[in-house]
Amino acid sequence: MTSSKKILVLAGDGIGPEVMREVAKIVNWFRAYRGLDVDIAEELVGGASLEVHGVPIRDEVIQRAHEVDAILFGAVGDPKWAHVDFNLRPEAAILALRKELDLFANLRPAQVFDALADASTLKAEYVSKLDLLIVRETVGGIYFGTPRGIETLPDGTRRGINTELYTTPEIERVARVAFDAARKRQGHVCSVEKSNVMESGLLWREVVTSLQQAEYPDVTLTHMLADNCAMQLVRNPRQFDVIVTGNLFGDLLSDLASMLTGSLGMLPSATLGPLKEDGRRAALYEPIHGSAPDIAGQGIANPIAQILSFAMMLRYSFDRDEDARLIETAIENILNTGLRTADIMTPGTARVGTEVMVAAILQEIKRLSGQG
Ligand code: NAD
């Protein structure tokens, strides 16, 4: 019998496959014991696909990506393919998926587990229990707006041009993602732009405000200028629940926010496409870290970002908030026992590899749920 829902697993390169192999044990436990009724298919992507098929992602895989409910992505890339053409590089696979599936909304939580509050470059008192989500528009704005280019004026002066450009539907669809996410969290959205100096920011503010009034009166909306937001993220990051912003500001602010947590191996992300007529939407879940070639094959990679990416999938693609929280609580409890992978070790904690960390988290999930 086949399931109605489908997941495509793309482990990729470097630490991708070794982490995914372990995380699959957690995915399969949810299938066996929590009624997660999904079919799983796996495909090669990135350098792994390049070696076997001569391209970083095959058309068949893109087609499959269109058909599934969610994609669990590992990481792609390795210095050994740095010499090949840009369109053949492993990284071209993720770019192709984002483009083909119109993955326009990037969701990046920055969550600080108590046990790791000291890993942040900010004082623990400012970041402990931090839990914010940045929703960044990713296919519009100044990175894609036209006119763009470098031109030479008659007097020989050269000038570079990029255009910040947002339309009402582009703003509405990403704001909707943010409002929907806020409903699953603390119910507060902060919309960020530069409406004091940019018309695109002014329109952004108007559109987000109208949408909130018309469709999301239960969600609290505030506005903040992007420069102030950067300052506030460092001054008092816990004031935020969901931040929604355009491509350029989101790029900067989400990197800033990720470092509040201090550990790359802990950070998941989701990228969502447009809602289809049947109510489904393309969705890709991946850690924000890369393929970490420097530690690949050693069994020491931190699997938590990948596990949290799966938790985001449960929350946003399968509406299984309770299961997502079960995973997050299990991770928190295991970190509290002092178990650490090498990247998040501090004095007095116990170092374990990928496999043992996943096994401990799975054991805790079983204990908390009383199942399996
Ligand atoms: P990286 O994120 O792979 O690694 C940066 C540092 O963090 C390394 O020292 C690495 O060992 C460490 N690290 C990363 N993830 C870790 C984990 N889970 N556990 C423990 N340590 C971890 O970034 P990079 O070195 O700049 O890039 C390596 C390759 O990854 C490049 O080819 C790059 O293009 C690619 N990349 C891919 C993606 C993606 O697939 N979406 C994202 C970023 C980078």
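The values are calculated or read from the model by the stated rules, or taken from the named source; none is laboratory data. Quantities reported herein were computed from a predicted structural model and do not represent experimental measurements. A quick note on method: Cβ atoms are made from the backbone with ideal geometry, for glycine too, and the neighbour counts reach across all protein chains shown. With ligands, DNA and RNA removed, areas are computed over all heavy atoms of the protein, side chains included. Shrake-Rupley method; radii C 1.70, N 1.55, O 1.52, S 1.80 Å.
Before we move on, is Lys80 within 16 Å of the ligand (Cβ to nearest atom), in contact with a Gly (Cβ under 8 Å, 6 or more places away or on another chain) and open to solvent by 10 Å² or more (accessible area, probe 1.4 Å)? Here the answer is yes, as Lys80 does meet what is asked. Screening Glu286 against (1) within 16 Å of the ligand (Cβ to nearest atom); (2) out of contact with any strand residue (DSSP E or B) (no Cβ under 8 Å at 6 or more places or on another chain) leaves a single unmet condition, (2). Determine whether segment 22-35 contains at least one residue that is assigned to a loop (DSSP other than H, G, I, E, B) and more than 16 Å from the ligand (Cβ to nearest atom). Among the residues of segment 22-35, at least one is assigned to a loop (DSSP other than H, G, I, E, B) and more than 16 Å from the ligand (Cβ to nearest atom), which makes the answer yes. A single member of Ser291, Ser269 is polar (S, T, N, Q), part of a strand (DSSP E or B) and at negative phi, and it is Ser269. Annotation: Ala181 fulfils all but one of (1) assigned to a helix (DSSP H, G or I); (2) farther than 22 Å from Met312 by Cα; the unmet one is (2).
If the condition is being assigned to a loop (DSSP other than H, G, I, E, B) and either surrounded by 13 or more Cβ atoms within 10 Å (Cβ to Cβ) or not assigned by TED's automatic domain parsing to the domain that holds Leu202 (or both), then segment 164-178 contributes Glu164, Leu165, Tyr166.
What residue, of Leu233, Leu221, is crowded, with 16+ Cβ neighbours inside 10 Å, closer than 28 Å to Ala117 by Cα and of a type in the set (A, V, I, L, M)? Spell out the reasoning first.
Working: Leu221 fails: closer than 28 Å to Ala117 by Cα.
After ruling out the rest, the residue left standing is Leu233.
Report whether or not Ala292 is in contact with a Gly (Cβ under 6 Å, 6 or more places away or on another chain) and farther than 18 Å from Lys5 by Cβ. When the stated conditions are applied, Ala292 passes them. Selection of segment 268-297 for residues being surrounded by fewer than 23 Cβ atoms within 10 Å (Cβ to Cβ) and either without any contact (Cβ under 8 Å) to a residue 40 or more places away in the chain or farther than 23 Å from Gly47 by Cα (or both) yields Gly273, Pro274, Leu275, Lys276, Glu277, Asp278, Gly279, Arg280, Arg281, Asp294. Quick check, is Arg89 charged (D, E, K, R) and away from the ligand (no atom under 12 Å from the Cβ)? So Arg89 fails the test.
Here Ser195 meets the list (1) under 22 Å from the mean Cα position of the chain (by Cα); (2) open to solvent by 10 Å² or more (accessible area, probe 1.4 Å) almost entirely, failing just condition (1).
Among the conditions (1) within 15 Å of the ligand (Cβ to nearest atom); (2) in contact with a strand residue (DSSP E or B) (Cβ under 9 Å, 6 or more places away or on another chain); (3) outside any helix (DSSP H, G or I), Pro274 misses just one, which is (1).
All of Ala311, Ala359, Ala305, Ala324 fail the test of being part of a helix (DSSP H, G or I), away from the ligand (no atom under 16 Å from the Cβ) and open to solvent by less than 40 Å² (accessible area, probe 1.4 Å), apart from Ala324.
Consider Arg367 carefully, then state whether it is basic (Lys, Arg), away from the ligand (no atom under 11 Å from the Cβ) and either within 28 Å of Gly46 (Cβ to Cβ) or surrounded by fewer than 14 Cβ atoms within 10 Å (Cβ to Cβ) (or both).
Numbers: basic (Lys, Arg): yes; away from the ligand (no atom under 11 Å from the Cβ): yes; either within 28 Å of Gly46 (Cβ to Cβ) or surrounded by fewer than 14 Cβ atoms within 10 Å (Cβ to Cβ) (or both): yes.
The answer is yes for Arg367.
For segment 45-62, a residue qualifies if it is without any contact (Cβ under 8 Å) to a residue 60 or more places away in the chain and assigned to a loop (DSSP other than H, G, I, E, B), and the qualifying residues are Val45, Gly54, Val55, Pro56, Ile57, Arg58. Taken over segment 110-141, residues that are modelled with pLDDT of 95 or more and over 20 Å from Ala181 (Cβ atoms) amount to 0. Open to solvent by 30 Å² or more (accessible area, probe 1.4 Å), in contact (Cβ under 8 Å) with a residue 24 or more places away in the chain, part of a strand (DSSP E or B) and under 29 Å from Gly372 (Cβ atoms): is that true of Lys6 in this structure? So Lys6 passes the test.
Suppose we filter segment 92-109 for residues that are away from the ligand (no atom under 15 Å from the Cβ) and more than 24 Å from Leu264 (Cβ to Cβ); how many remain? Give the derivation first.
Here is the first cut: in segment 92-109, the ones away from the ligand (no atom under 15 Å from the Cβ) are 100, 102, 104-105, 109.
From what is left, the residues that are more than 24 Å from Leu264 (Cβ to Cβ) are 100, 102, 104.
Number satisfying all stated conditions: 3.
The requirement of being under 30 Å from Lys276 (Cβ atoms) and either within 16 Å of the ligand (Cβ to nearest atom) or not in a helix (DSSP H, G or I) (or both) is fulfilled somewhere in segment 111-126, by at least one residue.
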